[in-house]
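One structure is given here, and the rest of the page talks about it.
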Amino acid sequence: MVGLTNEQVAIIVLEVQRKKELQGLACDFVATAVRDFLRKNSVLEKKLLLKFHVKSAVFEHVVKNVRAELRRSAGLFQVSGDLNMIRGLVDSYFAQKSVVKQQQMLLSLLGSHASTQERLQIYSELYTQLFVITGKPAIILDLGCGLNPLSVPLMKLKSVNYYAYDIHSEQMDLLNDFFKLMSGENSAFNGNAAVLDLLDTELVKKLPKADVVLLFKVADVLDKNKGHTKSEAVFRAVPARFLVVSFATKTMSGKRMTAPRRIWMEWMCDRLGWKYTVVEFENEIFYVVEK
């Protein structure tokens, strides 16, 4: 069956992105979500082909369901503040001459995003423990990164190549601005951020070879409670010696999980012959895996 044209898919993408929380998603990522939904719902695609109209019930049904799917896939990485405001904080951070004031501004930056805000109290200790296990990395990949790369100053690495990837194009633009300013302060730092769909494991395999890859709270988003084949495929594909995979230790309601460790993760490592070390904090548990 001949499917929708690229122009028709683009119209659906624009409508999906009218919702504020989805506006920052890369167009190609949204287009893939649209095509995946239509492939699984061929009857709806046939109806759209017969009569493609933005006011039709079928069109609205497709848009509604694609939005719901994208919220499940991307909701974890939403920015809790306005990006323009965050850009202002970035500029203010690098404009500070006082080390103390710069540190205070960094805390404000990290507090602008849900996941980094949760790590404010542990970042320094986290990176210290991680790099004791992995050694100080020269090349880092940060996948499904959100705004986590804003914590780079807390890594206390004199020299590093840092590659960040996410599906939110506007966030990647912001991070590239941040990296440029970082390089201006430290010529031994090199950073680059780009859009990437982690489920495309062929692209993941082609990423720069790294010492460490950070996958903070990414696995559950990839798997969507449907087994762990997708996250394992990504773990296998990543060109890095060490993986740092994290999970929440509290439920959405804030209650401590009775069993925060992910046994499936430990079984997977045993099956693949990978070594792992568990680093646990109150809100998050980290598996440091050596492939």
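What follows draws every value from the coordinates through simple rules; no lab data is involved. Everything numeric here is computed off the predicted structure, so don't read it as measured data. Neighbour counts are summed over all protein chains in view; Cβ atoms, including those assigned to glycine, are modelled from backbone coordinates with ideal geometry.
Summarising the strand pairing of the chain, around 45 percent of its internal DSSP beta bridges are antiparallel.
Cβ under 13 Å from residue 259's Cβ, residue 259 left aside: what net charge do those residues give with Lys, Arg +1 and Asp, Glu -1? Summing Lys and Arg as +1 and Asp and Glu as -1 gives +3. Across segment 6-77, Cα-Cα distances exceeding 18 Å account for 30% of all pairs. Would you tally the net charge around residue 90, using a Cβ to Cβ cut-off of less than 14 Å, leaving residue 90 out, and scoring K and R as +1, D and E as -1? Neighbour charge sum, excluding residue 90 itself: -4. Comparing mean-square fluctuations of 109, 143, 203 from a GNM of the chain with C-alpha springs under 10 Å, the top value falls on 203.
Per-residue Karplus couplings for segment 259-273, computed as 6.51 cos²θ - 1.76 cosθ + 1.60 with θ equal to phi - 60°, are listed in order as 9, x, 5, 9, 4, 4, 5, 5, 5, 4, 4, 4, 5, 8, x Hz, Gly and Pro entered as x. Under 26 Å of direct C-alpha separation, and excluding same-chain neighbours fewer than eight residues apart, residue 51 reaches these lysines: 19, 40, 64.
Computed from backbone phi, the HN-Hα couplings of segment 50-60 come to 5, 8, 8, 8, 5, 9, 6, 5, 5, 4, 5 Hz, rounded to whole numbers (Karplus: 6.51 cos²θ - 1.76 cosθ + 1.60, θ = phi - 60°; Gly and Pro given as x). In terms of distances greater than 32 angstrom between alpha carbons, the cross-link table entries 250/275; 97/209; 180/217; 46/230; 158/291 yield 97/209.
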